[in-house]
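First comes the structure, then the notes that go with it.
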Ligand code: C2E
Ligand code: MG
Ligand code: MG
Ligand code: MG
């Protein structure tokens, strides 16, 4: 009986892998078509001044409306795009779309776009960015590129050169999801970032003595480095009040505004 179970387990395991492989193939094909068929859209979520409610920036977030499966999360399809090499085409499309849109906002409002580490493999990204800036006429100072600490996993001179080439155009670099993953303070020394976004997982744990110490320390660190700090995942008034009381000026989260196709571009009018 044990033997039969064992065999069954092996067969099941193989079939699961096969299913997963097929699902992936379908998705890759579907994702390629989705870009051409207009199933991918971009929504924008405000990053606001927590004291005044002024919107400083809108982060571009990709959405996929699958014809039969409905909404597919970027947490699902971005990795598929990365693994299949589609991320270059998808990322360029999202960047162009976002910068075109931002050109219609008041000039005080910036746009942030997420960059996958995979988009730095070809070496072409800085040139693509320069072309899109030129096409859209958007001032580079209004554009932020959000990178995560994953970019440092396969860190090379090639990556460093491209990050410098991005900055040399006058575009801001922002370190996203700070404090999770492969955090190392030495990255802040290696790359000249203009801002940090502290990961939502910290705010979610408030109130907590250790987490409070960590957020306060990051606040102090960014102040000393003279760079911006954005708190991610502001969901309730308790968190908002804690951030204000501890000198965190900027935030993003459902309390301030959800990602929307046409978000407000001036003020968060319902700010508590
Ligand atoms: P991220 O860049 O850290 O974006 C923030 C994510 O947190 C978004 O999820 C946003 O909808 C969500 N969020 C914002 N405020 C709150 C809140 O108060 N509570 C909770 N629970 N969640 C909140 P989303 O849009 O599902 O994107 C997930 C991740 O997928 C992004 O994390 C980013 O890493 C990636 N992603 C999304 N769009 C793109 C893209 O165009 N290119 C690349 N390379 N990655 C993208
Ligand atoms: Mg981001
Ligand atoms: Mg983030
Ligand atoms: Mg995050």
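Coordinate-derived values only; no laboratory data. Only a predicted model underlies this, so the values are computations on that prediction, with no experimental measurement involved. Here the Cβ positions follow ideal geometry from the backbone for every residue, glycine too, while neighbour counts run over all protein chains shown.
Of all DSSP bridge pairs formed entirely within the chain, close to 40 percent run antiparallel. Would the range 21-166 count as rounded, prolate or oblate if I go by the C-alpha gyration tensor, calling it rounded below 1.5 in a/c and otherwise prolate when a/b exceeds b/c, oblate otherwise? It is oblate, given that a/c is not under 1.5 and a/b is not larger than b/c.
Shown is the FRET efficiency for residue 104 and residue 192, computed with R0 = 35 Å from the Cβ-Cβ distance and rounded to the nearest 0.05: 0.70.
How would you classify the range 119-272 from its alpha-carbon gyration tensor, with a ≥ b ≥ c the square roots of the eigenvalues: rounded for a/c under 1.5, else prolate if a/b is greater than b/c, otherwise oblate? Because a/c hits 1.5 or more and a/b fails to exceed b/c, the range 119-272 counts as oblate. Each principal axis of the Cα atoms in the chain has its own extent, and those three values, largest first, are 65, 49, 41 angstrom. Between the Cα long axis of helix 2-36 and the first principal axis of the chain there is an angle of about 50°, rounded to the nearest 10.
For the pair residue 130 and residue 244 in one chain, pulling the backbone fully straight at 0.36 nm per residue adds 37.3 nm over the alpha carbon distance.
Taking packing as the residue-averaged number of other Cβ atoms within 10 angstrom, the listed peptides 34-45, 245-256 run from highest to lowest as 245-256, 34-45.
With respect to the chain, whose longest principal axis is taken over its alpha-carbon atoms, helix 157-168 is tilted by about 40°. Here the peptides 159-169, 258-268 are ranked by packing, the mean other Cβ count within 10 Å, and the order with the highest first is 159-169, 258-268. Where only DSSP H runs of four or more residues are counted, the chain gives -14500 deg cm²/dmol as its mean residue ellipticity at 222 nm, each run worth -39500 (n - 2.57).
Here the extension length gained between residue 205 and residue 43 equals 55.6 nm, from 0.36 nm per residue of separation less the Cα-Cα distance.
Quick check: residue separation of residue 266 and residue 150 times 0.36 nm, minus the Cα distance between them. What number comes out in nm?
Values: separation 116, 0.36 × 116 = 41.76 nm, distance 3.25 nm.
So the extension gain works out to 38.5 nm.
Computed from Cα atoms, the angle from the helix 209-225 axis to the main principal axis of the chain rounds to 60 degrees.
Inter-part distance, the range 83-138 to the range 201-244, computed on C-alpha centroids, equals 29 Å. Measuring r between the beta carbons of residue 223 and residue 165 and using R0 = 35 Å, the FRET efficiency lands at 0.80.
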